[in-house]
Structure formats: C-alpha cells, structure tokens
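Structure record follows, encoded as structure tokens.
All of the numbers you see were taken from the coordinates with simple rules; none came from a lab. As the structure is a prediction and not an experimental result, all values here were calculated from the model. When we count neighbours, we look across all protein chains shown, and the Cβ atoms used for this are built from the backbone with ideal geometry, even at glycine.
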C-alpha cells in the first residue's frame, strides 16, 4: 500500500501563467507517502498535515510508492520532431517539431515563440508555425558550426571550420576545426587538445587526425540530428502546469465529506483521476 | 514588522515537525495565509531538522509566491539547533536534501525573488540530464542570499552546477561546493558557481571553496550580467574561472597557474596562483592548520560595501574589521599561541634525547 497526499485548498497567484505553472490546486497530488505514513506517528496530529481544510489522503491498497510516483509529476513539455523531406545531397532536411504533451483541446501546444531562439542558434532557416507544429529547414553544415551544437558561446570566435567532404550515401562528413589558441587564455596545448577532443567525441564525432591546433574529425548526420533533438528538448521544454493529474472536484468533495481519507485500488484511482492531456 | 512563520521540516517526523519534506512545506506556501507575503506581512521560514538520520529525498521548486525585500522566503538549518552540517557533507542527524532532477532542474530551485538558502547540505544525484544544479535561483529581480551550504554531485556524465543564479542580485558566500566535474573543463554549464544568466543580474560571490569542478566560477555574462568574485578558493578545477568578471574581482586563489577569467579593467593583482592548498581531510575542505596557500591571503570583507559579513561556513567569527582573512569558506581561527614550546628530536633514545630550540606554536580551530 501507499498513500497520496492531495491538496484540498487552492493556492492562487495573480499572474495567470505563474498561477498555472507554480500553484497547487484542489485535487492536485502533492506527494506520495509510504504505507502507514501517519498511522502510529505520535507527532502527526500536531503536524501541518492534520489540517483537513488543506489536505486529504487517498490510500491505494494495491500499489507501491514507486507505482504512484508519476501522479506527483508536473505537466511538462515533451517535444518530438519528424523529418518531412530530406535532401541528403545538400545535407538539408525540412523538419517539424511538435508538442507531444498538448492536451486534446490544444492546451500547451507548441508555438514558434517557444522554440525560435533555439532553432536560430542551430542555424535553422525558413521557420514557420501551424497548430502545434513549427516547421523549419535544418542544415547539417550550419548545425555542425553552430553555438548550440558545441554548447560554446560564439564558437566562431574560438576557431574555424572547414568541410573537407560529405558523402550523402553514408551521411558522413569530414570536418577540420582549427582552434585559435588565444581564444582559450590560460589553457596550454595539452588542455586545449583534451577539451576539444573530448567535446568532439562526446558529440558523436571520431577524431581522424590532430595537427595542433587543427582537429580533423568525421561525424555522421544522425549524431548531429540526435544532438539537435536533445538540445531542443533540454532548452525549449518547460513546465506547463504544476501537476499533470488532478482529482475532479466532485470526487474530492466526496472524500472530504467522509473525513478526508479514502481507499482506492490502482484501477479505481485510474478511473477517477484526470490526466491534463485528456482535457 | 512582518511576522515570521517558522515551520519545521523533518523527514523523520520527529516531535514538533510540521512537514516531512521541504517540497510539502512549499506546496503549503509555508503555512502562510496566502503565499503573497507582502499582503500577508509575513516571512516564510522552513527550519530544517533531521531527528532520525533520514535525508529529504524530494527536490523542491519554489514557485507561485509573492515576496519583497522584507517579506521573503527562508530555507535553513538553525545553527542554534544540532541539525546543521559541520562544514562537511553530513550523515546522521544532520538535515540534507538529495535528489536527481531533470534538465534545467535543481534539487532546490526557486522561481521567486527574495529567497534565502542557508546552511543546507545538498546532494545532486545523477540522472543523465543536462543543465542541472544543486541550488538554482531563477529570479528575474530582487535579492537572494545563499550561504553556508555544502553542495556535491554524484558521479556520472551530466552537466551540473553547484549554485546557479539568473537575474536580480545574488549574494553567494561561505559555501563549499565539490564534485561538479562530470562534463567538460571550462564549461559554462558545469561547475561550482554560475552567475547572472540575465542581463540585469548581479552576483556577489565571496569566500566560497570550490573543489573538483569542471569550472570553478562561471560568469554566464553573454547577456551582460555582472559578477564580482572575491576570496574564492578554486582547487583541482578543470578551469578555476571562466568568463568576464566585474572590476573589483580579486583575492581569489587556485592551485592552477592562472585563474582563467577576464577581470574588467584588470586590477586583480592579489589573486594567488599555483598555490599549495592543504585541507583537513578527504572530502573535508576546511583548511588544514598547516595550509600555506589560502591562510591569510584574503581581503577583509567585514565592511564590504555590497556584502559585509564576518563569519565563516561554521559560523565562526573571522576576526573583525582588522583581521587578516583566509580565502575560501573556512577561516582558521587562532585559539592560542603556545610560546616557548619545545619539541624533542625523534632519535629513539629516551635517556640521551636531544631537544630542538624553543619555538612558538599556533593552535587553530578549523
């Protein structure tokens, strides 16, 4: 068994965005507690949890804490993307990124404003938006020279890139990055070499040769696309609502009317609780 | 005068507790009337305890409040109780919060201004995520105080920051941060303390100890923020400091040959480079009494115009306005000078022992 501590009282913030993102509301799961969380605890009655105007508890008779943990999660963005058209000979792709965690009625749909700055940092062009979808052109060569790919501000000031070759059939590019040692003050050759080598390899590249300060490497397009996908998710995603799940007000009122404590099975809880994505 | 609403957070639900996690305390807006602290005329204080040795394992995000300079949010361990760390990452009955978090998350995260995090031990667990932090104050304005904390990160390849601030004015001092070294040396997204993501941000970063970090001090100044760093000790960091720091930055020490930062206008003529730094023990970053690399090299900040303070991470007085300060979070406190102390040569001969000349011996408290 495990217990879910629910919020009964609405927290309210005057800023509607902040209120949605930051405030707990009636019926939001707050935290998951182990079986016997308060029974037998001699100090519980004087704790803040004993205030039945603020909290109520649902004990799930056939679940562990781990099985319920997802109920206490925020409603977060979850971006994904698809390649609409590929032009491998040019190393270009028409791509659309979309929000998987938009609700049935369109809440939390992706907008151009939400992702445009990230896409620009990747060198993307022709950015446009439709409902829950932002389309753009992704260029491998722009991407591999971008600040976002290397996670280095103004990477063009740290060195220069030369494309030695690109094989459309395999998607492998051969690139030389020539560092400007003066752009790495207080780092000697060994440190710069270690740092750049590690960074190239971490991003999926394979070092072919080092003629300091020139680093030649091969990188496959899927590594760049994978990095892009992860980066857009990391930097573009945020919290939409403090909790993704909520118990309907009528259910809450019923539980409160019977003393603020109820028992449910996992299946019963699943049937009652509302997932924001279904709204 | 605002009413301070003090509520006890104790993961062991001991006598006098109100909440068993900081996260639950936050969800209840600290038991204030509405969480709009200026309207409530309240200060919300979470007093953290650990009466049975259990760590708080739920990350907390402070969001949905309203604050101002005199009606603020305070998360701390009360030094008059026994639940604060003793300058090392604690076990036993010392409050600590330990959690893994998602991208851009933090174990203690605040979206609010006017937040104080004091005397907390924070362990950022590994979760294969990026841009994580132990403590992150993502305020756009106002003041935040982050002091006397110990932050460490679990091994595993992820970028993480010990203490990260965004906008507003952050006062970050007397913290010990170590183990944020799982990413790239010199990274802007992994290391000890990162300040001023936003253009209007200002951070005063004084007397912190940063050990084994990808970058010790990070000025994320690409958007024009300002960070002042004084008396910080960067040891065994990939790069002691990265980015541009404000004029006045000085008196920082490192074992490296260079600090690595650019200080506007130069003037950082008192930085101590290539220092031999000696600590009390493994994962104990109090200065050893024998230290000769940080002891006495600091500038006295007792009357600093922006962030005057006088104690160290252990709450020990650094010695007043005339004292010579040590660099880093810990101040070696001279307790007594034993004059005329004589040592015997270790010649293995009790009867024929020879003696060294009398000398004075300083005895310190770390």
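Need one number: nm distance between label points at residue A:268 and residue B:69, each 7 Å from Cα along Cα→Cβ, rounded to one decimal.
Once both label points are built, they end up 5.5 nm from each other.
In bins 20 Å wide, starting from 0, what share of all Cα pairs of chain B does each bin hold, as a percent?
Percent of pairs per bin, in order: 30, 55, 13, 2, 0.
Against the longest principal axis of chain A, how steep is helix A:221-236, in degrees 0 to 90 to the nearest 10, with axes from Cα atoms?
Tilt of helix A:221-236: around 40 degrees.
Describe numerically, in nm with one decimal, the distance between label points set 7 Å from Cα along Cα→Cβ at residue A:167 and at residue A:125.
Simple spin-label model gives 2.7 nm for this pair.
Rounded if a/c is under 1.5, else prolate if a/b beats b/c, else oblate: with a ≥ b ≥ c from the C-alpha gyration tensor eigenvalues square-rooted, which is region B:100-169?
Working: a/c = 2.79, a/b = 1.57, b/c = 1.78.
Judged from the Cα gyration tensor, region B:100-169 comes out oblate (a/c at least 1.5, b/c at or above a/b).
Helix-only estimate, please: 222 nm mean residue ellipticity of chain A, summing -39500 (n - 2.57) across DSSP H runs of length 4 or more and dividing by its residues, to the nearest 500.
It lands at -7500 deg cm²/dmol.
How many percent of all Cα-Cα pairs in region B:40-146 sit more than 17 Å apart?
Beyond 17 Å sits 54 percent of the P(r) for region B:40-146.
Which values, in whole Å and largest first, are the semi-axes of the equivalent ellipsoid of region B:175-275 obtained as the square root of 5 times each eigenvalue of the Cα gyration tensor?
On the way: eigenvalues 65, 52, 24 Å².
Largest first, region B:175-275 gives 18, 16, 11 Å.
On a 0 to 90 degree scale, rounded to 10, what angle separates helix A:189-202 from the longest Cα axis of chain A?
60
Label points 7 Å out from Cα along the Cβ direction at residue B:155 and residue A:197: separation in nm?
Label-label distance for residue B:155 and residue A:197, simple model: 2.1 nm.
Could you list A:243, A:203 in order of exposure, starting from the residue whose Cβ has the fewest other Cβ atoms within 10 Å? Each step should come with its number before you reach the end.
On the way: A:243 22, A:203 17.
Listed from fewest to most nearby Cβ atoms, that is A:203, A:243.
Can you compute the FRET efficiency between residue A:207 and residue B:278 using 1/(1 + (r/R0)^6), with r the Cβ-Cβ distance and R0 = 41 Å? Round to the nearest 0.05.
E between residue A:207 and residue B:278, to the nearest 0.05, is 0.60.
Using Cβ counts within 10 Å as a stand-in for footprinting exposure, how do A:13, B:18, B:270 rank, fewest first?
So the ranking, lowest neighbour count to highest, is B:270, A:13, B:18.
With a 10 Å Cβ neighbour count serving as the proxy for reagent exposure, in which order, fewest first, do A:150, B:65 appear?
Values: A:150 19, B:65 28.
In order of increasing Cβ crowding within 10 Å: A:150, B:65.
Need one word for chain A: rounded, prolate or oblate. Basis is the Cα gyration tensor (sqrt eigenvalues a ≥ b ≥ c); a/c below 1.5 gives rounded, then a/b vs b/c decides.
The shape class here is prolate.
Just need log10 I(q)/I(0) for region A:153-221 at q = 0.27 Å⁻¹, Debye formula, equal scatterers on the alpha-carbon atoms, no solvent, rounded to two decimals.
Normalising to I(0) and taking log10 leaves -1.30.
Work out the mean other chain Cβ neighbour count within 10 Å for the residues of A:94-104 and drop it here as an integer. Don't skip to the answer; put the middle values down first.
On the way: counts 0, 0, 0, 0, 0, 0, 0, 0, 0, 0, 0.
Per residue, the number of nearby Cβ atoms from other chains is 0 on average.
Say a paramagnetic label sat at a point 7 Å from the Cα of residue A:214, along Cα to Cβ; which residues of region A:164-183 have their backbone N under 12 Å from it?
Hits in region A:164-183 for residue A:214 at 12 Å: A:164, A:175-179.
Given the DSSP H assignment, sum -39500 (n - 2.57) over each helix run of at least 4 residues in chain B and divide by its residue total; what's the result at 222 nm in deg cm²/dmol, nearest 500?
On the way: 2 runs with 10 residues, N = 366.
Helix-only estimate at 222 nm: -500 deg cm²/dmol.
If you take the beta carbon distance between residue B:354 and residue B:86 as r and set R0 to 56 Å, what does 1/(1 + (r/R0)^6) give as a FRET efficiency, to the nearest 0.05?
Numbers: r = 41 Å, r/R0 = 0.72.
Once the sixth-power term is evaluated, E becomes 0.85.
Report the extension gain between residue A:160 and residue A:275 in nm, rounded to one decimal, defined as 0.36 nm multiplied by the number of residues separating them, less their alpha carbon distance.
Stretched out fully, the residue A:160 to residue A:275 stretch lengthens by 36.5 nm.
Find how many whole Å separate the alpha carbon centroid of region B:8-58 from the alpha carbon centroid of region B:266-335.
About 33 Å separates the Cα centre of region B:266-335 from the one of region B:8-58.
Using a Förster radius of 56 Å, what is the FRET efficiency between residue A:107 and residue B:334 based on their Cβ-Cβ separation? Nearest 0.05, please. Write out the running numbers ahead of the final one.
Numbers: r = 63 Å, r/R0 = 1.13.
Rounded to the nearest 0.05, the efficiency is 0.35.
If the viscosity is 0.890 mPa s and the temperature 25 °C, what Stokes-Einstein diffusion coefficient in µm²/s follows for the protein assembly as shown when Rh is the Kirkwood radius over Cα pairs?
Values: Rh = 26.8 Å.
For the chosen part, D equals 92 µm²/s.
In whole angstrom, note down how far apart the Cα centers of region A:56-97 and region A:194-255 are.
Cα centroid of region A:56-97 versus Cα centroid of region A:194-255: 13 Å apart.
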